[in-house]
Structure formats: structure tokens, C-alpha cells
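Take a look at the structure set out below.
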Amino acid sequence: MPQSKPILKVAVPTPLRRSFDYLVGHHAVPAVGTRVRVSFGRQQLIGIVVAHTDKSTTPANKLKPIQEVIDSEPLLPDTLFNLLVWAADYYQHPIGDVFTTCLPSLLNKGEPAILEPEYCWKLTPEGQAAFPKLNKNAVKQHKILHWALEHQGIIQAFDLEQLELIPSELKPLIEKGWLSKEIIEPSAQGFVQSSDSLVLNQEQQQAVETMQKDIGQFHGFLLDGVTGSGKTEVYLQLIEKVLLNRQQALVLVPEIGLTPQTVQRFKRRFDCDIAMLHSGLTDRQRLNIWLKAKQGLTSVVIGTRSALFTPFADLGLIVVDEEHDVSYKQQDGFRYSARDLAILRARDEQAPVVLGSATPSMESVHNVNQGKLTHLTLRKRAANAKPPHIKVLDIRQRPLNNGLSQPLLDNMQRHLEKGNQCLVFLNRRGFAPSLMCHGCGWIADCQRCDKHMTLHLQQKRLHCHHCDKQVFMPKKCPDCGAPELFPVGLGTERLEQALITAFPNKKVVRIDRDSTRRKQAMQDYVTAIKNNEVDILVGTQMLAKGHHFPNLTMVAVVDIDGCLFSADFRATERTAQLLTQVAGRAGRADQPGEVVIQTHHPEHPLLLNLFTQDYQSLSQQILAEREAGLLPPYSSMALFRAEASSLQYPMEFLKEVSQSLSHITGMDCFGPFPAPMAKRAGKMRAQLLCQAQQRGLIQRALKPAISQIEQLPSARKVRWSIDIDPQDPF
Ligand code: ADP
Ligand code: ZN
Ligand code: ZN
């Protein structure tokens with residue numbers, strides 16, 4: 001009898017939470033972890049073999065053979081493959097979609113997993129000679145040659161983005177013999193000349209020494225260091241040890257913290273291949289980084305959340321910088337937490353993991369309390385910087401001019417007179433959060449959401465920040481025809497104008513998502529600020545994170561009151577983090593910093609606590625409240641969300657979900673309720689919250705229930721999802 005071939009369990013990109021069985025057919029048996037092409041309904045899809053089996057629940061006459069084997073060996077190292085399989089199970093997400101989310105898009109399209117040569121362009125002696133004689137009108141050529149001259153005669157593929165060019169635009173210069181196109185040979189993981197290391201202070205030294213002992217084995221650390229305490233320097237010196245051990249390092253950074261500055265700092269330090277995964281890469285560049293890391297040709301990978309899924313030949317360290325940042329949790333599709341998975345990955349890779357923050361999440365503080373993470377603290381600011389002085393400014397009954405009180409302006413004046421910079425923080429972009437009619441009280445609401453539309457005066461538009469709908473600003477009231485429409489409330493655009501009026505001789509810049517749309521914009525602002533070409537910075541939380549501006553000595557928080565009263569149980573934690581981070585921008589170098597917080601609630605416990613104690617003791621207090629209320633991290637949660645054109649359908653569906661879960665002891669279901677913002681983008685939304693005290697119970701209980709829920713007739717009338725460990729109640 002011929003040896004029978006196994007049946008293949010294949011993860012296919014579909015919304016169903018299961019794999020599908022296929023026969024091998026006449027092909028050689030594909031290993032677990034390889035890609036295969038299969039027919040699925042009327043489509044042809046690329047899937048991943050997740051297991052071999054000898055039994056199938058599909059009747060034998062329904063089983064189809066696969067059509068093609070794409071890879072001759074598994075795509076992912078075992079550790080990463082197992083992590084994805086585990087995560088699909090934990091987050092109750094379709095395994096096929098987990099792979100699609102985590103793999104580079106070219107691999108999802110079936111491209112071979114082969115490293116293609118990468119090119120750079122070198123300035124030739126002819127090019128060098130031609131530069132001074134260039135015609136003034138040849139703007140592009142001038143720009144290209146100038147760049148090459150400034151960068152050791154080399155233009156890299158990723159420079160083209162900054163130059164706002166595409167490769168074909170270099171062709172004329174190649175034809176003239178001014179540039180030559182050359183293949184970059186991947187350097188084998190060479191070592192590592194580190195330069196410019198700083199002499200660590202005692203706390204930093206202690207942190208590096210402690211963590212260094214665990215290179216080569218799993219250990220979780222929380223590096224809890226106040227803003228400006230030199231956490232990055234600690235990462236760098238630890239990474240150096242890892243590289244000396246001939247291993248690789250992965251550094252995760254939040255979306256906004258991913259500034260070229262960070263990468264520059266790494267590149268200056270280490271003479272080895274350092275890759276940065278960011279949204280500006282082409283699909284090919286992304287795949288090449290992925291393959292180089294897998295083959296051990298890249299030593300350090302820096303990237304946002306999804307960089308966690310980079311394969312490595314020998315991963316020796318994971319750093320999660322600003323671990324409290326919400327951007328580590330994906331908010332749609334495969335709703336994973338990169339921070340939580342980083343710990344699991346480190347365990348599987350037998351590597352240490354460092355979670356770093358000035359304002360650690362309650363989850364991590366809790367893990368420290370339970371002995372799951374080792375706590376390392378940096379209490380002193382590095383170099384000579386002192387912690388900032390914090391003032392709560394009571395603005396009850398004080399006149400406000402565009403949200404600014406006179407004492408605040410006077411305070412700014414004092415700093416500006418000394419030639420220092422001020423940051424004015426307001427977490428609301430646009431000119432004003434709404435537009436109202438003086439005649440009849442009409443207010444500009446979004447037709448598709450339960451929200452007002454934000455006025456963007458510069459663009460003369462109303463913009464809904466929730467569904468992205470944009471309309472021209474009306475010239476008169478659509479209801480009564482009155483021409484007097486006035487903005488209500490305060491956004492960064494309005495604040496910017498008010499500050500220009502208040503300080504006519506000072507240079508004001510606004511930094512928010514609107515003003516940084518152009519690719520290079522953020523970098524240009526940062527350079528201008530560092531060069532002292534800016535006096536006043538107005539901005540949203542984009543400015544709160546990670547930046548180091550030595551001449552910034554004052555931070556003004558204009559309107560925080562909205563954050564003090566929120567129904568979300570995480571609001572206190574989030575506000576404490578935001579305020580501490582913003583405050584941390586002040587006085588990071590030799591000059592002392594000052595933070596002024598305007599508020600109508602000076603006696604609010606959060607404000608009192610935050611500035612009479614430190615974040616550390618406040619977080620223990622927040623944890624005590626969570627424990628008393630049996631809230632995470634003392635319980636775990638899962639949130640079902642559903643939406644449809646009418647609220648009735650999601651409510652009906654979630655009610656049935658709730659019934660199908662009612663028999664589970666130890667798990668409570670709350671709801672269904674309409675979502676906090678019930679109408680969004682034209683859909684009516686509802687949710688059902690499941691909560692259990694025992695960790696793991698939700699997973700065990702939901703798993704069998706989910707396949708029933710998928711079959712409910714009411715499920716077909718809605719779009720629904722499940723969010724494990726939800727971070728955002730909306
Ligand atoms: P964090 O990441 O904790 O906010 P950084 O690592 O960015 O802090 O350090 C803040 C500033 O202090 C940087 O300018 C850095 O160069 C400087 N710094 C860090 N460690 C030292 C040290 N040991 N000696 C002198 N300066 C240091
Ligand atoms: Zn009106
Ligand atoms: Zn809207």
C-alpha cells in the first residue's frame with residue numbers, strides 16, 4: 001500500500017474563525033508553515049498550512065486538492081508561527097486574517113520569499129564636477145546632486161521619499177554619467193562599532209547591568225523612568241551587548257514617537273544594518289527588511305506595532321518604548337496588543353523584553369506587583385535637568401481670551417523674554433469643535449454621526465473627525481438663513497491665531513495632524529524648533545511624546561477639564577499619563593522647566609494627586625480603585641460590537657449572544673447597550689461587555705460559543721466583531 005499523504009489544514013483569508021481541509025493531490029507534501037494556493041468557493045486564495053491531519057470532518061468527496069505549493073520551506077520561524085496561531089485563538093480572530101495582517105503584503109499576493117537586490121545611486125566624479133556649473137532652472141537635478149554631496153555621495157532608495165522623487169527621475173542623471181546605479185550587497189551581520197556612548201549615571205548603569213545578565217534567556221523588565229531620565233540611552237547600551245552576543249534586537253515605538261530622530265540616534269551609534277519599518281516604505285522594501293531580518297542580515301529593526309511580527313534569525317532582545325501608549329493595541333480587524341504579545345514572543349525566543357515608560361500602564365504596574373516583571377527605576381533626569389515645577393491655575397471667574405487667561409500669558413511672557421520656548425497644549429485640532437447660528441441656535445452636526453462637525457477655518461470646511469465627512473463651511477444658516485454663524489469652543493487653529501495676536505513678535509507654529517500632513521513636515525518643524533527658530537509651539541498630543549527640545553522651558557495646558565470627567569474607567573490613567581508626558585517636555589536640559597495647568601476644577605483629586613505625589617504612587621492608587629471595582633487588570637474583559645443601519649439589528653443580535661453565553665459561570669455579561677457614540681458613519685452601533693475575574697476563562701468559554709454565534713441568523717444582519725482586552729470603549 002502506498003504511504004498515504006496527510007490532509008492539510010489551511011488558514012485561508014476569510015472571516016470565518018477556522019481553517020479548511022485540503023488534499024495534497026499530486027504535489028509533494030507541503031510542510032506546516034508554507035503557503036499554498038487553493039480554490040475556495042469560486043475564488044483562488046493563498047493560504048498557509050497550519051497543520052497536517054489524518055482525519056477531516058469534511059466528507060471525503062467534498063475535499064479538494066490544493067492547486068499549488070508556493071514555498072519549499074516554512075515562511076516563519078517556529079516561534080513566530082506558534083505565536084500567531086496562539087494569538088488567533090486568544091483574540092478569537094480568524095486565523096487566515098491573522099496571517100494576512102502579519103505578513104508583508106507581497107507574500108500575501110504570492111510573491112516568492114526571495115531577497116531582491118536593492119540599489120543605491122552613487123555620485124560620480126563627473127557629477128561632482130557638474131554640480132557647481134548647473135543651470136539654475138534645473139531644480140530637480142540640483143536637488144538630487146546636492147543631496148548626494150551632503151550624504152557622502154550616496155542616495156539610498158529610502159532617501160527618494162524625502163526628496164519627493166521616484167527612481168525614474170534619476171535616469172537622466174545616470175545617462176549623463178553623473179550618477180551610477182549600484183547594487184547594495186547585504187552586509188553579513190557585522191559587528192558593530194559603537195560610538196558616542198554616554199557615561200551612564202548610577203541608575204542607568206544599574207538598569208543595564210541587571211538586564212544584561214539575562215541576555216540569552218527570557219526575563220521581563222519594566223523600565224520605569226521619568227521623562228528625560230535617559231531610557232533611550234539604556235536601550236542603546238543594552239542593545240550593544242546583544243549585538244556583541246551576535247544576536248538581533250527589535251525596538252517597538254508608538255506611532256507618533258517614530259521620528260527620524262530616534263533612528264538617527266541608533267544609526268549614529270551602531271555600525272551595522274538597522275532597518276526602520278514605517279508607513280512610507282514600498283511593499284518591496286518592506287519585504288526585503290522582513291527577509292533580511294529573517295536571514296540575520298539586519299541587526300536591529302525599529303518599527304511600530306506590526307513590526308512585532310518580523311521574523312528573526314536569532315532575536316536577543318525586544319524593547320517596547322512608551323509601553324503605555326494606546327497605539328500598541330490595534331483597534332480594528334485583528335485587535336492584538338503588541339505589548340502583550342511582545343512578552344509572549346520574548347518568552348518563546350528566550351530573550352529579555354524591556355517595557356519602558358515614564359507613565360507605565362496599570363497592566364504593567366500590576367505585573368510588577370505580582371512579580372511577573374522586574375521593576376527598574378530611573379528617578380533622576382539624565383544630564384543636569386531638574387523635574388519641572390507644576391502650577392495649577394484656577395481660572396474660575398477669570399476672563400478668558402480664546403481660552404487663554406492673563407496669568408497664563410504673563411507666565412509665558414517671562415519665559416519668552418529669556419529667549420526660551422513655550423509649548424501650549426490642547427488636544428483638539430481644528431479651529432473650533434462646532435459652528436452655531438446666532439439667529440436660531442442651529443449647530444453643525446454630522447449627519448452620519450452623533451457628533452458635531454469641527455470647523456477648520458483655514459480650509460473653510462466642516463470636518464467630522466469620526467467618519468471623516470467634509471463639507472464646505474456654509475455662508476449662512478441652513479435652517480433660518482441668518483448670516484451670523486459663529487465658532488463655539490477652542491481648537492488648535494484658533495489657539496494659534498490667539499497666540500499670534502498676543503505675541504506679535506514671536507514665531508508661533510502649530511503641530512497637529514492637519515499641519516503635519518506633508519511627509520517631511522514633522523521633521524522640518526522639529527529641526528526648526530531645535531534650531532531655536534520657533535518661540536511658541538501650539539499642538540496636540542503629537543507634541544506630548546518622545547520629543548526632546550532643550551530650550552523648551554514652559555508647558556501650558558489650556559483645557560484639560562473635559563478629560564477629568566469621563567465615563568471610561570481608564571480615563572484617570574490616560575489623563576495622568578497625558579499630563580505627565582506633556583509636563584515632561586519642559587526643562588529637559590540645563591534650564592528649569594515650569595508647567596501651568598489652567599482648570600475650572602483645581603480641587604479635582606486627579607490634579608491634586610498627580611502633582612503632590614508622583615505618577616508611581618498615583619498608579620498604586622488607581623490600581624486600588626480598579627481592584628475594588630473588579631476592573632482590569634483585576635478582571636478580564638471582552639467586548640462584542642455590532643452595527644447595522646438600524647439599532648434594532650445589533651441589539652437583537654447581541655441579546656442572542658448574551659443568551660448563548662448566559663450558562664457560563666464566572667463570566668458576567670453587561671448589555672447590550674447602544675455604544676457611547678451610537679451613530680457613527682451612518683451606522684447604528686451597540687455593544688455587549690463580558691467580564692470575568694478569572695484570567696483565561698473568557699477564552700475558554702468564548703471559543704465554543706463563537707462558532708454558534710457565527711451561525712446565528714441575526715448575525716447576518718449586522719457587522720460584528722469581538723475585542724479581547726478592549727482598550728477603547730467606543
Ligand atoms: P528618555 O528616553 O528617558 O526620555 P533620553 O534617553 O532621550 O530620555 O535622554 C534625555 C536626554 O539626556 C538626551 O539628550 C540624552 O542624550 C541625555 N542623556 C541620557 N543619558 C545621559 C547620560 N548618562 N549622561 C548625559 N546625558 C545623558
Ligand atoms: Zn439659524
Ligand atoms: Zn461623522
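Annotations
- Taking GluC sites (Glu not before Pro) as exposed when their DSSP state is a loop state and no more than 10 other Cβ atoms lie within 10 Å, the longest site-free interval of the chain runs over 1-483.
- Descending by average beta-carbon neighbour count within 10 Å, the peptides 503-511, 721-729 line up as 721-729, 503-511, the highest first.
- Cut-off under 5 Å, modelled amide H: who pairs with LEU373 long-range: VAL368
- Cysteine residues of the chain whose Cβ has no partner cysteine Cβ closer than 4.7 Å: CYS102, CYS120, CYS272, CYS422, CYS467, CYS563, CYS669, CYS690.
- Contour minus Cα-Cα distance for GLN620 and GLN447 (0.36 nm per residue): 58.0 nm
- 14 Å Cα-Cα reach of LYS9 towards aspartates and glutamates, excluding residues that sit fewer than 8 places from it in its own chain: ASP21, ASP54
- Of the chymotrypsin sites (Phe, Trp or Tyr not before Pro) found in the stretch 510-605, the ones in coil according to DSSP and having at most 12 other Cβ atoms within 10 Å of their Cβ are PHE565.
- Straight-line cross-link partners of LYS380 among the lysines, defined as a Cα under 19 Å from its Cα and at least 8 positions apart when in the same chain: LYS231, LYS545.
- Near ILE390, the amide H atoms lying under 5 Å from its own belong to VAL595; only residues 5 or more places off or on other chains count, and H is placed 1.01 Å from N.
- Each residue of the stretch 667-672 is assigned a 3J(HN,Hα), and the resulting list reads 10, 10, 10, 10, x, x Hz, derived from the Karplus form 6.51 cos²θ - 1.76 cosθ + 1.60 (θ = phi - 60°), x at Gly and Pro.
- Other-chain or far-sequence residues with amide H under 5 Å of HIS219's (modelled H): ALA351, VAL353
- Inter-label distance, nm, simple model (7 Å from Cα along the C-beta direction), ALA51/GLU150: 5.6 nm
- Qualifying aspartates and glutamates (Cα of each under 17 Å from Cα of LYS176; at least 8 residues distant if same chain): GLU126
- Under 12 Å, Cβ to Cβ, from ASP514 - net charge with Lys/Arg +1 and Asp/Glu -1: +4
- Rolling a 1.4 Å probe over the heavy atoms of the protein chains gives the stretch 284-341 an accessible area of 22 Å² per residue.
- 3J(HN,Hα) along the stretch 421-436: 9, 10, 10, 10, 9, 8, 8, 8, 8, x, 7, 8, x, 7, 10, 10 Hz, from the Karplus curve 6.51 cos²θ - 1.76 cosθ + 1.60 with θ = phi - 60°, whole Hz, x for Gly and Pro.
- Cα-based shape type of the stretch 213-294, given that a ≥ b ≥ c are square roots of the gyration tensor eigenvalues and the cut on a/c is 1.5: oblate
- Treating r as the C-beta distance of SER168 and SER39 and R0 as 22 Å, the FRET efficiency rounds to 0.05.
- Added length on full extension, which subtracts the Cα-Cα distance from 0.36 nm per residue, ALA528 to PHE569: 10.9 nm
- Accessible solvent surface per residue of the stretch 588-730, calculated while the other protein chains remain in place, 1.4 angstrom probe, Å²: 47 Å²
- Surface composition of the chain: carbon and sulfur make up 51 percent of the accessible area, probe 1.4 Å.
- Across the chain, the relative contact order, built from alpha-carbon pairs under 8 Å that are at least six residues apart, equals 11 percent.
- Cα gyration tensor shape of the stretch 482-573, rounded if a/c is under 1.5, else prolate or oblate by comparing a/b with b/c: oblate
- Helical content of the chain, expressed as a calculated mean residue ellipticity at 222 nm, amounts to -9000 deg cm²/dmol (DSSP H runs of 4 or more residues, -39,500 (n - 2.57) each, divided by residue number, nearest 500).
- Theoretical gain in end-to-end length, GLN212 to ALA313 [0.36 nm per residue, Cα-Cα removed]: 34.3 nm
- Where trypsin sites (Lys or Arg not before Pro) fall in DSSP loop in the stretch 432-464, at most 14 other Cβ within 10 Å: LYS460
The values are calculated or read from the model by the stated rules, or taken from the named source; none is laboratory data. What you see is a predicted model, and the numbers here were worked out from it, not measured in a lab. Cβ: placed from backbone, ideal geometry, glycine included. Neighbour counts: every protein chain shown. For the accessible areas, the whole protein counts, side chains as well, though only heavy atoms, and no ligand, DNA or RNA atoms are used. Shrake-Rupley method; radii C 1.70, N 1.55, O 1.52, S 1.80 Å.
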